[in-house]
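Structure first, commentary second.
Each value in this text was obtained by applying a stated rule to the coordinates, not by laboratory testing. Nothing here was measured: the structure is a model prediction, and the numbers come from that model. Don't worry about glycine lacking a Cβ; one is built from the backbone with ideal geometry, like all the others, and counts go over all protein chains shown.
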Amino acid sequence: MILRRKYCLQLLLLFSLLPVLSGCFSLREPDKPVSDSSWNTPYSVKILLEDMQTAMKTLNVNNFQRCLNERNFKFTADPTVSGNNLGNFSNWTRNDEAIVLTNILNFKKNVPVNTNNSLTFTASSVPSNSSVDSAEYSYAYELRLFHADGNYPYTDFRGNATFTIVRSANNDYSIVAWRDNRNSSFPCWSELKQHFITL
């Protein structure tokens, strides 16, 4: 009888505390997975180039690297630039691309908000069969990139980019090789990389 009374008191105490305890814990909606809305899986060369343009416009280091092949990326600088800077481009990797963009970002902090970066491509040579697993594409580019490095006055870059683009087993595209060449009196992308890799 004493055990039954003790048991009933414990149950009564538990049920009287239940409304108070349930107020301590509430159900919530699960967090949505974090996604980068500026990245589109590059199931075509067109999407790959759009991702690259957006990454340069926003200086998104991660997305810019995602445009480049993880295992075999190779950059070949404009011959004049690489000839004047022996060794700087000999073993260029995706990580060097990240260093360049990170250094630009460090100088971008002092740039007025209303300045917009831009990158445009104009096709000069596109393979007729763009469904192959690897092909070479050539584009004239215009890159406008604002920064606050007072030692480097250039913000407009022009040249020709020749990309070897590959399709993976997952059917997404990436740039495995990139050759840069100057095509005007404007500095080319190689010169931008040369300056910002050494900071």
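Just to be sure I follow: if Rg is taken over the C-alpha atoms of the stretch 41-123 and Rh is the Kirkwood radius over the same atoms, what is Rg/Rh? Provide the component values of the computation, followed by the final result.
Numbers: Rg = 14.2 Å, Rh = 14.3 Å.
Here Rg/Rh amounts to 0.99.
Return the sequence-ordered ³J(HN,Hα) values of the stretch 56-67 in whole Hz as given by the Karplus equation 6.51 cos²θ - 1.76 cosθ + 1.60 applied to θ = phi - 60°, using x for Gly and Pro.
My calculation for the stretch 56-67 gives 6, 4, 9, 6, 8, 4, 4, 5, 5, 4, 5, 6 Hz in order.
At a 10 angstrom cut-off on C-beta neighbours, averaged per residue, how do the peptides 159-165, 102-108 rank from highest to lowest?
By packing density, highest mean first, the sequence is 159-165, 102-108.
So if I take the centroid of the Cα atoms in the stretch 45-74 and the same for the stretch 174-199, what is the distance between those two points in Å?
15 Å
Could you go through the stretch 143-153 in sequence order and give the Karplus-derived ³J(HN,Hα) for each residue, using 6.51 cos²θ - 1.76 cosθ + 1.60 with θ = phi - 60°, rounded to whole Hz, and x for Gly and Pro?
Those phi angles translate into 10, 10, 9, 8, 8, 10, 7, x, 7, 9, x Hz.
Taking the number of other C-beta atoms within 10 Å as the exposure measure, put H147, H195 in order starting with the fewest.
Taking fewest neighbouring Cβ atoms as first place, the list is H195, H147.
Would you mind computing, in nm to one decimal, how far apart the modelled labels at A148 and R71 are, each placed 7 Å from Cα along Cα→Cβ?
For A148 paired with R71, the spin-label model returns 4.3 nm.
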